[in-house]
Amino acid sequence: HVNLMHLSKAGTKAVYEHSTASQLPRYYTADLIKAGGNLQFTNETELAKLNSKLSKKSITRSEIFKWKGYNGDEVDGILYYPENYQAGKRYPLMLSIHGGPSATDMDQWRERWSTYPQILAQRGAFVLKPNYHGSSNHGQAFVESIKGHYYDLEMEDIQQAIAELDRRGLIDRKQMGVMGWSNGAILTTMLTVRYPDQFK
């Protein structure tokens, strides 16, 4: 949840951002000390308060969602809940697929022109950002697993995510969409070509 933004020349002070996928960024300064061979933040002070108008708006719940993908491997992603979610009710699903493929969606605030899960959730949809095979931040073997069969593993990961959300009774499979940026756009095209009746 922490994005280190700047270190002092002496390496004793830091400026950093803290956020989650459903918590707006906050900016801090802190002293750095060594404790047990590790660096730790102390004397943390909030540097600036931004987004005062946005902080008054409804922000949807999110969680790290895990499922079994290609070859039974554990795959994860960020799942955003529809605004005013009611347990037991099925909702539309929008897949929002990152580029790369060697990139990743982490549990951090990342709203921008190319991905806007808060807006989609406000309109009543689940939004899943899958970290499919080939994504970074999951070890070198996971990144390199797609060599020689590009898209096959990623497509299976995404299909298994949909199946798991369906098994949990969260989504309406008749109301699904898919979008993505860069490699995510290529996967979007592949999904709509290979499964033409699956997405609206």
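Could you tell me how many of the residues in the range 1-11 are open to solvent by less than 70 Å² (accessible area, probe 1.4 Å) and in contact with an Asp or Glu (Cβ under 7 Å, 6 or more places away or on another chain)?
1
So is Gly134 in contact with a Lys or Arg (Cβ under 6 Å, 6 or more places away or on another chain) and either open to solvent by 40 Å² or more (accessible area, probe 1.4 Å) or in contact (Cβ under 8 Å) with a residue 12 or more places away in the chain (or both) or not?
No: the conditions fail for Gly134.
Here are some residues: Lys174, Lys89, Lys129. Which one is in contact with a Ser or Thr (Cβ under 7 Å, 6 or more places away or on another chain), closer than 22 Å to Gln198 by Cα and of a type in the set (Lys, Arg)?
Just a single option satisfies the conditions, and that option is Lys129.
Among (1) of a type outside the set (Val, Ile, Thr); (2) modelled with pLDDT of 95 or more; (3) in contact with a helix residue (DSSP H, G or I) (Cβ under 8 Å, 6 or more places away or on another chain); (4) surrounded by 17 or more Cβ atoms within 10 Å (Cβ to Cβ), there is one condition Gly100 misses while meeting the rest; what is its number?
Condition not satisfied by Gly100: (2).
Take the conditions of a type in the set (Gly, Ala, Ser), over 17 Å from Trp67 (Cα atoms) and part of a helix (DSSP H, G or I) and apply them to Ala103. Does it pass?
no
Could you run through the range 20-73 and say how many residues are on the phi > 0 side of the Ramachandran plot, at pLDDT below 90 and open to solvent by 80 Å² or more (accessible area, probe 1.4 Å)?
Summing the residues that are on the phi > 0 side of the Ramachandran plot, at pLDDT below 90 and open to solvent by 80 Å² or more (accessible area, probe 1.4 Å) in the range 20-73 gives 1.
Sort out which residues of the range 28-74 are of a type in the set (Phe, Trp, Tyr) and closer than 29 Å to Leu128 by Cα, and write them in order of number.
Phe65, Trp67, Tyr70
Out of the range 30-85, which residues are in contact with a strand residue (DSSP E or B) (Cβ under 7 Å, 6 or more places away or on another chain) and in a helix (DSSP H, G or I)?
Hits for the range 30-85 are Leu54, Ser55.
So which pairs qualify, if the first residue must be in the range 101-125 and among the acidic types (Asp, Glu), the second must be assigned to a loop (DSSP other than H, G, I, E, B), the Cβ gap must be under 9 Å, and the two must be at least 6 apart or on different chains?
So the pair list comes out as Asp105/Ala21; Asp105/His98; Asp105/Ser135; Asp107/His1; Asp107/Ala21; Asp107/Ser22.
State all residues of the range 103-131 that are open to solvent by 20 Å² or more (accessible area, probe 1.4 Å), of a type in the set (Ser, Thr, Tyr) and in contact with a strand residue (DSSP E or B) (Cβ under 7 Å, 6 or more places away or on another chain); if no residue qualifies, say none.
Selection gives Thr104 alone.
Under 7 Å between Cβ atoms, which residue pairs at least 6 apart in sequence (or on different chains) link something in the range 71-89 that is within 15 Å of Asn137 (Cα to Cα) with a partner that is polar (S, T, N, Q)?
Close Cβ pairs satisfying both conditions: Val75/Asn131; Asp76/Asn131; Gly77/Asn131; Ile78/Ser62.
For the structure I just gave you, tell me whether Lys89 is within 21 Å of Arg167 (Cα to Cα), modelled with pLDDT of 90 or more, open to solvent by 60 Å² or more (accessible area, probe 1.4 Å) and of a type in the set (D, E, K, R).
yes
The values are calculated or read from the model by the stated rules, or taken from the named source; none is laboratory data. Keep in mind it's a predicted model, so treat the numbers as computed, not measured. Don't worry about glycine lacking a Cβ; one is built from the backbone with ideal geometry, like all the others, and counts go over all protein chains shown. Surface accessibility is based on the protein's heavy atoms, side chains included, excluding ligands, DNA and RNA. Shrake-Rupley method; radii C 1.70, N 1.55, O 1.52, S 1.80 Å.
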